[in-house]
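Taken together, the values in this text are just the output of simple stated rules run on the coordinates, not laboratory data. All values reported here derive from a predicted model rather than from experimental measurement. In this analysis, Cβ positions are derived from the backbone assuming ideal geometry, glycine residues included, and neighbour counts consider all displayed protein chains.
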Amino acid sequence: MNDATNRPAYLSVHDIHAYYGESYIVQGVSFNVHEGEILALLGRNGAGKTSTLRAIARLADPELKQGEIWLDHQSLHDKQSYQASQCGVGLVPEDRRIIQGLTVEENLKLAQIAPPIGWSVERIFELFPRLKERRKQEGTTLSGGEQQMLAIGRALARDLKLLLLDEPFEGLAPVIVQEITKTLQEIRELGITTIIVEQNAVAALKLSDRAVILDTGVVVFDGLASEVLENVALREEYLAI
C-alpha cells in the first residue's frame with residue numbers, strides 16, 4: 001500500500017453537488033486521491049457512487065451545479081467530457097460500451113490519441129495477453145471478463161492519468177476477478193491513479209489503498225481501506241457486509 005502522508009493530492013474533489021433534473025444526488029462530496037493510489041468509492045445502492053464518478057468524468061448527467069474538481073493542477077469542473085478525457089480522465093462504465101462491428105484491435109486503435117503517448121496497442125496487449133490472442137475477434141463477442149479487459153485497455157489507450165471504474169467485477173467469475181485485480185495492481189505500479197465503484201466491496205477494499213463511503217449523497221467515511229475491512233460495525237451499517 002502507498003503511504004500518502006505529506007503528499008499533495010493528485011485528484012481533489014471539493015464540495016461537489018450534482019443533480020439529475022430535480023433529484024439532488026451528490027450533496028457536497030469532498031475527498032482527495034494521491035498519485036498512484038487506488039481508491040474504493042463504496043456505499044449502498046443509490047448512495048451516489050456512480051453519480052460522483054460521472055461528475056468527475058464531466059458527463060452531462062448528473063449536472064454539476066457546485067464544487068471544484070482538480071486533477072494534476074488542472075481544473076475539471078469547468079470542462080466538458082471530451083475535455084476531461086483530454087486532461088487524462090478515462091471512465092470505464094458499467095456496460096463497458098464495446099463498439100459493435102469492430103475487432104479488439106480496432107476498438108483500441110479508435111480510442112488512441114495520435115501519435116500514441118506511452119500506451120501503444122502492443123503495450124496494452126502485453127498487459128492483457130488474452131486480448132492479443134483475440135486481437136482480430138469482434139469485441140462484442142468476447143466473454144464478459146475479456147470485454148472488461150478491453151474496456152480498461154481502451155481507457156489506457158489514451159494518455160491516461162485517472163482511471164475511473166464503475167462495477168468492474170460485476171457478473172464475473174471469481175477467477176476472472178482475481179485476474180483483473182492482478183492487472184489493476186500492475187497498473188497502480190505504473191503510477192496510474194484509480195477510483196473503483198464496486199458492489200463487491202471486499203474485493204475492492206483488498207485491492208485499494210483507501211476508501212470513501214457514501215450514504216445518501218454524502219461522505220460518511222474517508223480513510224484506509226484496511227480500516228473498513230477491520231470495522232465490522234461500519235461495514236454492516238453502510239455496506240451491508
Using the structure shown, decide if residue 139 is over 21 Å from residue 49 (Cα atoms), buried (at least 17 other Cβ atoms within 10 Å of the Cβ) and touching a strand residue (DSSP E or B) at 6+ places or on another chain (Cβ under 7 Å).
yes
Return a yes/no flag: does segment 227-241 have any residue that is within 24 Å of residue 105 (Cα to Cα) and in contact with a Leu (Cβ under 6 Å, 6 or more places away or on another chain).
no
Looking at 137, 112 in this structure, which one is over 30 Å from residue 212 (Cα atoms), out of contact with any Phe, Trp or Tyr (no Cβ under 8 Å at 6 or more places or on another chain) and in contact (Cβ under 8 Å) with a residue 12 or more places away in the chain?
137
Is it true that some residue in segment 23-37 is in contact with a helix residue (DSSP H, G or I) (Cβ under 9 Å, 6 or more places away or on another chain) and not hydrophobic (A, V, I, L, M, F, W, C)?
yes
The listed residue being surrounded by 21 or more Cβ atoms within 10 Å (Cβ to Cβ), more than 30 Å from residue 69 (Cα to Cα) and not β-branched (Val, Ile, Thr), out of 108, 131, 162:
131
Just to be sure before I move on: is residue 60 aliphatic (A, V, I, L, M), in contact with a strand residue (DSSP E or B) (Cβ under 7 Å, 6 or more places away or on another chain) and either within 26 Å of residue 205 (Cβ to Cβ) or surrounded by fewer than 20 Cβ atoms within 10 Å (Cβ to Cβ) (or both) in the structure I sent?
no
